[in-house]
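Working notes, beginning with the structure itself.
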Amino acid sequence: MAPQRKVLDEIDTTTKNFKVKVRVAEKGRPQTSEKNTRYQCMFFEDDKNNQMKMTLFGDQILAYWDVISFRGNYEIADVVVRNLDAQWRAKEDGIPFHLSLGSKTVIRSLEPKGESIYPRYQTLASIPSIPIDDDRHDILVLVLYVSKEPRRIVTSSNKETSVRDLMVIDHSTDQPMKVCTWNDLAGEQSESIVSSSESFKVIGITTLRPITRQGKITT
């Protein structure tokens, strides 16, 4: 029997033989856990704006690197649904399940054949003064300053993490804006974009999340 079309809030751990039509709302960077497990998180969004998380592990990351693209649209069939702790949900009142790839999972791209997906760069001045939902932004900016060392902070979940400050600007404003990079991005990747006195580096940054409009954006 052919899989039945569902939206994300209609599926749970008991749902079988189904497929969902989703957009990749967020595709995180591959990271390594404290237990040395390599993983990559992403969030899917359906036509009702429901979001659900999926995590790839180990060899799955490279195998699906070009299969699943940020902002791409897909039909996914026979994916495994598992319970998800509240601390890992996209929103506090989010769907209490997440997706995992199974041996029978099929992912079909809904994008026109041969069409590429590119960043949607916008100016700093166009970023809303009040964040709308969980909107993310792509920017193309000039790097004015990178702090010499990352600072260590303790998060609300009592975990220590690294944060590094960048000051950036573009043609739309005369007011520099602070961008905070976290975790792995606060290390060598931030050091690689330090501008010299002779020239300033231009960089593209994707999926930034505003936390305040008074000169600060976070990656």
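Filter the range 26-38 for residues that are in contact with a Gly (Cβ under 8 Å, 6 or more places away or on another chain) and surrounded by 15 or more Cβ atoms within 10 Å (Cβ to Cβ) and give the result. Selection gives R38 alone. Residues in the range 2-14 that are closer than 12 Å to D78 by Cβ, over 25 Å from the mean Cα position of the chain (by Cα) and not in a strand (DSSP E or B): A2, P3. In the range 95-121, the residues that are touching a residue at least 12 places away in the same chain (Cβ under 8 Å) reach residues that are of a type in the set (S, T, Y) and assigned to a strand (DSSP E or B) with C-beta atoms within less than 8 angstrom, at least six apart or across chains, in these pairs: H98/T55; S100/T55; I107/Y74; R108/Y74; S109/Y74; L110/Y74; P119/T206. When G72, G94 are screened for being under 17 Å from A25 (Cα atoms), surrounded by 11 or more Cβ atoms within 10 Å (Cβ to Cβ) and modelled with pLDDT of 90 or more, only G72 passes. Candidates are the residues of the range 138-152 that are out of contact with any Lys or Arg (no Cβ under 8 Å at 6 or more places or on another chain) and assigned to a strand (DSSP E or B); the one that is surrounded by the most Cβ atoms within 10 Å (Cβ to Cβ) is V141. Once the range 1-58 is narrowed to residues that are of a type outside the set (A, V, I, L, M, F, W, C) and in contact with a helix residue (DSSP H, G or I) (Cβ under 6 Å, 6 or more places away or on another chain), the residue that is farthest from N183 (Cα to Cα) is D46. Of the candidates S190, S199, S162, the single residue that is of a type outside the set (A, V, I, L, M, F, W, C), more than 30 Å from S33 (Cα to Cα) and out of contact with any His (no Cβ under 6 Å at 6 or more places or on another chain) is S199. Taking the numbered list (1) of a type in the set (A, V, I, L, M); (2) modelled with pLDDT of 90 or more; (3) touching an Asp or Glu at 6+ places or on another chain (Cβ under 7 Å) in turn, A77 passes all entries but (3). Of all the listed residues (E34, E45), the sole one being free of Cβ contacts under 8 Å to residues at least 12 places away in the same chain and either outside the structural domain of D85 (by TED's automatic domain parsing) or not hydroxyl-bearing (S, T, Y) (or both) is E34.
Hey, among the residues in the range 15-31 that are in a loop (DSSP other than H, G, I, E, B) and either under 12 Å from the mean Cα position of the chain (by Cα) or modelled with pLDDT of 95 or more (or both), which one's nearest to Q51 (Cα to Cα)? Per the criteria, the residue is G28. Residue count for the range 153-177 under the criterion of being surrounded by fewer than 16 Cβ atoms within 10 Å (Cβ to Cβ) and either in a loop (DSSP other than H, G, I, E, B) or touching a Leu at 6+ places or on another chain (Cβ under 9 Å) (or both): the result is 10.
The values are calculated or read from the model by the stated rules, or taken from the named source; none is laboratory data. These numbers come from a predicted model, not from an experiment. Cβ sites come from the backbone with ideal geometry, for glycine too, and all protein chains shown count toward neighbours.
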